[in-house]
Structures are given as structure tokens and as C-alpha cells.
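Novice: Below is one structure. I have some questions about it.
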Amino acid sequence: MKILVNFLISIIIAIWVVAIALISVQNATPISLRFLGFQSIQIPFGLMLAFSVAVGLLSAAVLQPLWRLGESQSRGDEDAEFFIDDEDF
């Protein structure tokens with residue numbers, strides 16, 4: 001089962017990479033981003049798109065273990081409250 005999940009994830013990532021490659025080849029027009037008065041240098045749209053996807057994938061990969069860590073700690077607290085002896089009351 002885990003092999004199938006890994007295969008599907010690989011297929012999805014491959015489709016995204018191909019889509020980004022197609023978009024970047026078709027959109028070679030340089031753009032610059034402007035945010036809160038700051039402006040970036042002019043780079044092609046496809047390169048900006050690829051950079052944004054890479055940052056998103058890396059941040060999700062880094063944050064996913066942190067979410068699981070917080071989830072496991074909260075489950076431990078719920079289990080402790082669930083198994084209370086009735087004799088204490």
C-alpha cells in the first residue's frame with residue numbers, strides 16, 4: 001500500500017514539474033514583484049513560478065513533521081483524561 005501511495009505522489013509531482021516547464025517555456029516575459037513598496041529584479045515568469053513552487057514544497061516538507069509532533073502531544077493529553085478511574089470521585 002505504501003508503494004502505491006509513493007507512486008501516486010511521484011506521479012502528481014511529475015505532472016506539476018511538466019506543467020511548470022510548459023508554462024515557463026511559453027511565458028518568458030520578464031516580470032518583477034512588488035510587495036509593501038519593495039520591488040524585485042525582473043526575472044522570467046516561469047522562473048518565478050518554479051521558485052514559488054519549490055519554496056512551497058520545501059516549507060510543507062519542513063512543517064509537516066512539526067504538525068505531527070503537535071498532534072501527537074495533544075492526543076496524549078486526551079488519552080490521559082479518557083482513562084480516569086471512577087474510584088477517585
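Novice: Length gain on complete extension for the stretch residue 60 to residue 43, per 0.36 nm per residue less the alpha carbon to alpha carbon distance?
Specialist: 3.6 nm
Novice: Long-range amide H contacts for residue 31: which residues qualify at under 5 Å (H placed 1.01 Å from N, peptide plane, sequence gap of 5 or more or a different chain)?
Specialist: Counting only residues 5 or more places away or on other chains, the set is 43, 45.
Novice: Further question on the same structure: According to the Kirkwood expression over distinct Cα-Cα pairs, how big is the hydrodynamic radius of region 1-55, in Å?
Specialist: 12.9
Novice: Residue-wise, which Karplus ³J(HN,Hα) couplings in Hz belong to region 30-45, taking 6.51 cos²θ - 1.76 cosθ + 1.60, θ = phi - 60°, and x for glycine or proline?
Specialist: x, 10, 10, 8, 10, 9, 6, x, 8, 10, 7, 6, 7, 9, x, 4
Read-outs throughout are calculated quantities, based only on the coordinates presented, and are distinct from any laboratory measurement. As the structure is a prediction and not an experimental result, all values here were calculated from the model.
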